[in-house]
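Engineer: Have a look at the structure that comes next, please.
The values are calculated or read from the model by the stated rules, or taken from the named source; none is laboratory data. Note that this is a predicted model, so its numbers are computed, not measured. Cβ: placed from backbone, ideal geometry, glycine included. Neighbour counts: every protein chain shown.
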Amino acid sequence: MERWSDRPAPELNDDLIDKLVILSTEFFKNHSSQIAKFAPPIVGFALFLRYFHTHHFYPSFDLLQFSSLLLGAGMVGFAIIGTLWLWLLAPGLWIFHGFIEKQDIRQSIKASFPAHESKRIGHVFLLVFLCFVGPYSLCSVMLASVLIFSPSLYLIALLGLSLLIALLFGIAIQFVFKLPKYSFFRYTFNAWAAVLIVNAMAFTLIADTKNFIDDLNGDHLKILAIYLIPLGACLTAAICAMGSFGGLRYAAHFSLLFALIIAFYSGILAGLPDRTMKSLGLGNYQAESIVLEPQYCSETMLKNLPLTPDCSLTDVHVVWSLGETLTLILGSNNDARQVQIPSRFLKTIIRQE
């Protein structure tokens, strides 16, 4: 892919980042088939082991015999991280190739730059700010205000504000860089969806960091977190968009790196085993009711478990529901107890959606 700066592709001995990108690209190109074959089951097995370790149990069957479960878990894990990666990668590439890389726009921007190389840096940063950082960040701050003061209007605000901000920054870009007439329409057309997608995904991180926000002392700190968490994600997406100027492989590597960083610090990575088990329907879900066989409800069980007269458990968190043993958590917080019930006594699980 042609680089925007028209400079030749870097050699291996240029600098560390160029060297790592080239080596990584060659590695995946040469070993893509082996990675596609072995990575999903290995990742799936790691997710299962992490889940079992977290909840202090192991199923009553050999997990390695169920290759479909390993593949399914691995693919769900890749899908979650891959979605985060695409969120960081696609919007920047969309604006870059849909607007900046167009020949008339590109020539006008380059013509507006100062002749001296050292003076161009400020104009490059101004271009990045007006195309990526500014619209992403301004929309984030305004949406955070809507979410705090009028949450019911969030969806309408997301659609409307992203369009308005893309239009305003398009006008600013045309004016600052002396672009052809009506160029702001082209920027608005390409940037609206990008700004919308970046902010929509950024605000989903609030749900992933809910426990962190709830643990903050004082409403002011919680409000500040609601502003800063999506804003930080939007700034990260803008940084990844800068990789588009170097080509697809640079943008892809930057986006993957920051996707893993966001996943780690937001709790997505730590919660990946739980999300995977819930997506596969194997565990980590809330059951409205679990109906057991009548012979299980002896007097001893009635004393130790909160069984109803019709031999059922209500409002139960299911940890694991596959194999010979059903693993549950009864109670909450300090009163929580893990209970294992032989699956032969299970009649029905009514799951909450």
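Engineer: Across the stretch 263-278, which residue is nearest to the chain's Cα centre (by Cα) among those that are surrounded by fewer than 21 Cβ atoms within 10 Å (Cβ to Cβ) and closer than 23 Å to residue 313 by Cα?
Structural biologist: Only one residue fits best here, namely 274.
Engineer: What's the number of the condition residue 204 fails, among (1) on the phi > 0 side of the Ramachandran plot; (2) free of Cβ contacts under 8 Å to residues at least 40 places away in the same chain?
Structural biologist: Failed condition: (1).
Engineer: Sticking with this one: Identify the residue in the stretch 170-201 that is among the hydroxyl-bearing types (Ser, Thr, Tyr) and without any contact (Cβ under 8 Å) to a residue 40 or more places away in the chain and, among all such residues, is surrounded by the most Cβ atoms within 10 Å (Cβ to Cβ).
Structural biologist: It comes out as 188.
Engineer: Would you mind stating whether residue 60 is outside the structural domain of residue 319 (by TED's automatic domain parsing) and free of Cβ contacts under 8 Å to residues at least 12 places away in the same chain?
Structural biologist: no
Engineer: What pairs can you find where one residue is in the stretch 225-249 and on the phi > 0 side of the Ramachandran plot, the other is surrounded by fewer than 21 Cβ atoms within 10 Å (Cβ to Cβ) and not acidic (Asp, Glu), and their Cβ atoms are less than 7 Å apart, with a gap of 6+ or different chains?
Structural biologist: Sorted first by the residue in the stretch 225-249, then by its partner, the pairs are 247/1; 247/3.
Engineer: Taking the residues in the stretch 305-321 that are among the hydrophobic types (A, V, I, L, M, F, W, C) and either out of contact with any Phe, Trp or Tyr (no Cβ under 8 Å at 6 or more places or on another chain) or farther than 20 Å from residue 60 by Cβ (or both) as candidates, determine which candidate is surrounded by the most Cβ atoms within 10 Å (Cβ to Cβ).
Structural biologist: Checked the stretch 305-321; the qualifying residue surrounded by the most Cβ atoms within 10 Å (Cβ to Cβ) is 316.
Engineer: Can you go through 121, 148 and tell me which one is over 30 Å from residue 48 (Cα atoms) and either touching a strand residue (DSSP E or B) at 6+ places or on another chain (Cβ under 6 Å) or modelled with pLDDT of 90 or more (or both)?
Structural biologist: 148
Engineer: Then there's this: Out of 324, 299, report the one residue that is modelled with pLDDT under 90, within 30 Å of residue 78 (Cα to Cα) and loosely packed, with under 13 Cβ neighbours inside 10 Å.
Structural biologist: Being modelled with pLDDT under 90, within 30 Å of residue 78 (Cα to Cα) and loosely packed, with under 13 Cβ neighbours inside 10 Å holds for just one of 324, 299, which is 324.
Engineer: If a residue must be more than 19 Å from residue 137 (Cα to Cα) and either touching a Pro at 6+ places or on another chain (Cβ under 7 Å) or assigned to a helix (DSSP H, G or I) (or both), how many such residues does the stretch 266-275 contain? Quick ask: steps written out before the conclusion?
Structural biologist: Going residue by residue through the stretch 266-275, those that are more than 19 Å from residue 137 (Cα to Cα) are 267-275.
Narrowing further to those that are either touching a Pro at 6+ places or on another chain (Cβ under 7 Å) or assigned to a helix (DSSP H, G or I) (or both): 272-275.
Qualifying residue count for the region: 4.
Engineer: Could you check the stretch 69-160 for helices (runs of 4 or more DSSP H) lying wholly inside it with 1 or more residues that are farther than 19 Å from residue 174 by Cβ?
Structural biologist: 120-128, 134-149
Engineer: Another question about this same structure. Would you mind stating whether residue 88 is in contact (Cβ under 8 Å) with a residue 60 or more places away in the chain and closer than 30 Å to residue 272 by Cβ?
Structural biologist: yes
Engineer: Would it be correct to say that residue 196 is within 25 Å of residue 236 (Cβ to Cβ), at pLDDT below 90 and not hydroxyl-bearing (Ser, Thr, Tyr)?
Structural biologist: No; evaluated as a whole, the condition is false for this residue.
Engineer: Here's something else I'd like to know. With hydrophobic (A, V, I, L, M, F, W, C), closer than 19 Å to residue 52 by Cβ and in contact (Cβ under 8 Å) with a residue 24 or more places away in the chain as the only criterion, which of 282, 305, 330 stands out?
Structural biologist: After applying the criteria, what remains is 282.
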